[in-house]
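Participant: Sharing a structure with you now.
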Amino acid sequence: MKTIEVCLTPDLIHQHDLSGKIVVVVDIFRATSCIVTGLANGLEAIRPVAEIAECKALGKSGYLMAGERGGQKVEGFDMGNSPFEYLEEGVKGKKVAISTTNGSQAILKSEGADAIIIGSFLNLEALTAYLLQLPLGVVVHCAGWKGTPNLEDTLFAGALIDECAEEMEPLGDSALLAHQLFVANHENLLGLALQSSHAERLKSFGIEEDLEFCLEESKYQVVPKLIDGELVA
Ligand code: MLT
């Protein structure tokens, strides 16, 4: 039976053998929710970069610059990291360079996998169908917060394990932990996720509506894939 593992934070990714596996990168609040929303809304591609300077350099060659540090928009960027900015008419057909505190870093730290794709509650159904039709084992790579695990990404990992339960078995205690967290709280996902430390941080900036949007389930049918350094639908 295929397996599904969970890496709770990028600081632990070295403990997972990614060769022959497909990595699902998750940053519910808010990077991967933005990426799914943008590509579902007609963005051409999204290039994840580590540094703000790289983003600005790409801005000079026509990319929209997007991202945040500490939850707040980077000065001089065209966009912050709200999924609502990715619903704007002006982004259709454009390319975006994104640099965020955790999400874009986790994508870059997933190298070595056979494939790197993007997960969020917004594309849960399409993501599940995509994974089940592949023969590969899965590693769910949670972006966490600055090297520590977070609640919302772990809840999502548990939800994905639950969706794939008939054809994939959880491998390792992090996967069992994530699944049990989801099973125990699946009727109150939003309520629990809104208690997370990053949710509190974003609420202190008056960014509540982003949080509820990021918890909407299976709103989009795209499964973004990293191809030659760019995420495409
Ligand atoms: C991140 O990458 O750390 C998050 O997406 C941050 C955010 O959007 O607030």
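Computed from the coordinates by the stated procedures, all read-outs in this text should not be read as laboratory data. All values derive from a computational prediction rather than experimental measurement. We place every Cβ from the backbone using ideal geometry, glycine too, and count neighbours over all the protein chains shown.
Participant: State which entries of K21/K146; K73/K94; K73/K109; K2/K92; K146/K219 exceed 31 angstrom in Cα-Cα distance in the structure shown. Don't skip to the end; give the middle numbers.
Facilitator: Numbers: K21/K146 25 Å; K73/K94 19 Å; K73/K109 23 Å; K2/K92 37 Å; K146/K219 28 Å.
Cα-Cα > 31 Å for K2/K92; rest within.
Participant: Also, I was wondering about something else. What residues have an amide H closer than 5 Å to that of L64, excluding those fewer than 5 places away on the same chain, when H is modeled at 1.01 Å from N in the peptide plane?
Facilitator: The answer is K95, V96, A97.
Participant: Something else about it: R0 = 45 Å: FRET efficiency of A184 with S19, Cβ-based, nearest 0.05?
Facilitator: That pair, A184 with S19, gives E of 0.85.
Participant: Within the range 106-122, list the residues whose amide N lies under 18 Å from a label point set 7 Å along Cα→Cβ of A50.
Facilitator: 106-113
Participant: Now, a different point. I need the phi-derived Karplus couplings for the range 130-141: 6.51 cos²θ - 1.76 cosθ + 1.60, θ = phi - 60°, integer Hz, Gly and Pro marked x.
Facilitator: 5, 5, 5, 8, 9, x, 8, x, 10, 10, 8, 9
Participant: I would also like to ask the following. Using modelled amide H (1.01 Å from N, peptide plane; none on Pro or chain starts), what sits under 5 Å from the amide H of V139, excluding residues fewer than 5 places away?
Facilitator: Those qualifying (amide H under 5 Å, at least 5 residues apart or on another chain) are E5, I22, V23, V24.
Participant: 5 Å is the cut-off here: which amide hydrogens, built 1.01 Å from N in the peptide plane, fall below it relative to G144, excluding neighbours closer than 5 in sequence?
Facilitator: Residues meeting the criterion, in which the H sits 1.01 Å from N, are N150.
Participant: Highest mean first, what order results for 84-93, 160-169 on Cβ atoms within 10 Å?
Facilitator: Packing proxy ranking, top to bottom: 160-169, 84-93.
Participant: Counting helices only, and only those DSSP H runs with n ≥ 4, report the 222 nm mean residue ellipticity of the chain as the sum of -39,500 (n - 2.57) divided by its residues, in deg cm²/dmol to the nearest 500.
Facilitator: Numbers: 9 runs with 79 residues, N = 233.
About -9500 deg cm²/dmol.
Participant: From the Cα gyration tensor of the range 75-233, with a ≥ b ≥ c the square roots of its eigenvalues, which class applies: rounded if a/c is under 1.5, or else prolate if a/b is larger than b/c, or else oblate? Present the calculation step by step, with values, prior to reporting the outcome.
Facilitator: Numbers: a/c = 1.60, a/b = 1.17, b/c = 1.37.
Judged from the Cα gyration tensor, the range 75-233 comes out oblate (a/c at least 1.5, b/c at or above a/b).
Participant: Quick one: compute the contact order of the range 135-204, relative version, from alpha carbon pairs under 8 angstrom and 6+ residues apart, as a percent. Don't jump to the answer; show the numbers that get you there.
Facilitator: On the way: 51 pairs, mean separation 21.3, N = 70.
That works out to 30 percent.
Participant: What distance in nm separates the simple spin-label points at T3 and L87, each placed 7 Å from Cα in the Cβ direction?
Facilitator: It is 4.0 nm.
Participant: Let me ask something additional. With r as the distance between the Cβ atoms of A57 and E212 and R0 = 30 Å, compute the FRET efficiency 1/(1 + (r/R0)^6) and round to 0.05.
Facilitator: 0.30
Participant: Which order do peptides 59-65, 94-100 fall in by mean Cβ count within 10 Å, highest first?
Facilitator: Ranking, from highest mean packing down: 94-100, 59-65.
Participant: As an exercise, use a Förster radius of 30 Å and the Cβ-Cβ distance of L176 and S204 to find the FRET efficiency, rounded to the nearest 0.05.
Facilitator: The computed FRET efficiency comes out at 0.35.
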